[in-house]
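Inspection log for the structure reproduced underneath, given as structure tokens.
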Amino acid sequence: MARVDSLHSHTPHSRRSLPRRVATLSVHTSPLDQPGTGDAGGMNVYIVEIAERLARAGVEVEIFTRATNSDLPPVVEMAPGVLVRHVIAGPFEGLAKEDLPAQLCAFTGGVLRAEAARPLGWYDLVHSHYWLSGQVGWLAKDRWGVPLVHTAHTLAKVKNQLLADGDKPEPIARVIGEEQVVAAADGLVANTPAEAADLIELYGADPKRVSVVPPGVDLDTFARRPLRRHAARQRFGLPDDAHVVAFVGRIQPLKAPDVLLRAAAELRERDPRLARKLIVVVCGGPSGSGLDRPTALMDLARDLGIADCVRFVEPQPRAALADLFQAVDLVAVPSYNESFGLVAIEAQACGTPVVAAAVGGLVTAVRDGVSGVLVDTHDPGDWATVLGRLLAEPARRAALAMGAVQHAAEFSWSHTASGLLAAYREALDAHREVMAA
């Protein structure tokens, strides 16, 4: 089984094993993009937070991402020790994520040219995020003679087992591509033990190369501040006496915001008194197959007769998102699959209980009965029952709020960075052994 890595003591040997400079690959989404719409989400947050902490630990990070605007400079300093390199690969606009495999050759060429302009041995390690980046990392690893560490974030075989109604299955080309990256990588980083098991059982990964490194949360930005609740509600136009449930994330079938809306409609039918105070906040923008019908969720709210109690809010920067979490009573995460569920941890850090689907990484992100409630189905009736009970029991919500803060405190980006450094060291040491053999 996969192991949980942690940062070892800084012995002289461990110092030698740390990389000086890491090439981080994020082909399809930029760490500079606002999470919550398009292809930007938890992976963007992950890359930003980790890059900054690795740089503070003395590891320089250069992030390669596809240029999507002609006005973007070739290189941006995101933070001290962290550069974002915009690689031209295909037209700047109009390409969906599904179109990007055809641009991997161009993207790889840009990455290799950047390295060729540097002194020999400029990068010590490649860390790729998502399978598209893994394909590029595979070639860069061979060209530069350095180890490849890969984080999948989502897996096609898992997604295809848990498809939402009407959602498109991931293509066989992605499945094959993921299998190739798993076979080529020197180290595989899984967010949870469940994801590690999927890599081993579904993709044949060598358990010795799989490390479990949970994502973290910015515990300074996302923190419980009860005195800000009134101001936070005013900021988002929410009455103090309202029962507010929020969905935060990209609006697409995989994330299942429709389950929350259908549950809200059923709640209003069951309890007219609750109906007068119930408000559902949907914070995010269309993404993935949701782009095919960008107004589908608004249309659904109207068709269900609950348009008057559903508020649509555009994606928020982190400080504002923390305020939103402070303003609501519950956060719903009804996804059909999540490799982790960063929103769930951020909400809990703010003291907001989470109701989540019992799938994937959400089983780790939410401690059932302690920091929130896990729901075994996507049936709106079941969700209505759970949400209704929690909204009707403020004492239970208060207990869950305390548990949420304590649970979220177990996750931090510093721990994540330590786990990644341990994975980097093992990949570097194993690579040196192979080269010396």
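The values are calculated or read from the model by the stated rules, or taken from the named source; none is laboratory data. What you see is a predicted model, and the numbers here were worked out from it, not measured in a lab. Here the Cβ is made from the backbone with ideal geometry for all residues, glycine too, and neighbour counts use every protein chain on show.
General observations
- Checking 276, 318, 268 one by one, the residue that is in contact with a helix residue (DSSP H, G or I) (Cβ under 7 Å, 6 or more places away or on another chain), at pLDDT below 95 and among the charged types (D, E, K, R) is 268 and no other.
- Matching residues in the range 168-190 - criterion: being farther than 12 Å from residue 128 by Cβ, at pLDDT 95 or above and buried (at least 17 other Cβ atoms within 10 Å of the Cβ): 174, 175, 179, 190
- Residue pairs whose Cβ atoms lie under 7 Å apart, separated by 6 or more positions or on different chains, with the first residue in the range 204-227 and farther than 13 Å from residue 411 by Cβ and hydroxyl-bearing (Ser, Thr, Tyr) and the second at pLDDT below 95 and crowded, with 19+ Cβ neighbours inside 10 Å, are 211/2; 211/5.
- Residue among 322, 275, 307, 265 that alone is within 30 Å of residue 192 (Cα to Cα) and either within 16 Å of the chain's Cα centre (by Cα) or not acidic (Asp, Glu) (or both): 322
- Counting the residues of the range 146-165 that are more than 24 Å from residue 24 (Cβ to Cβ), touching a helix residue (DSSP H, G or I) at 6+ places or on another chain (Cβ under 6 Å) and assigned to a loop (DSSP other than H, G, I, E, B) gives 1.
- Of the criteria (1) surrounded by fewer than 18 Cβ atoms within 10 Å (Cβ to Cβ); (2) out of contact with any strand residue (DSSP E or B) (no Cβ under 8 Å at 6 or more places or on another chain), which one residue 345 fails: (1)
- Members of the range 231-263 that are of a type in the set (A, V, I, L, M), assigned to a helix (DSSP H, G or I), in contact with a Phe, Trp or Tyr (Cβ under 9 Å, 6 or more places away or on another chain) and under 22 Å from residue 315 (Cα atoms): 232, 254, 259, 260, 261
- Subset of the range 350-376 (residues that are of a type in the set (Ser, Thr, Tyr) and touching a strand residue (DSSP E or B) at 6+ places or on another chain (Cβ under 8 Å)): 352, 371
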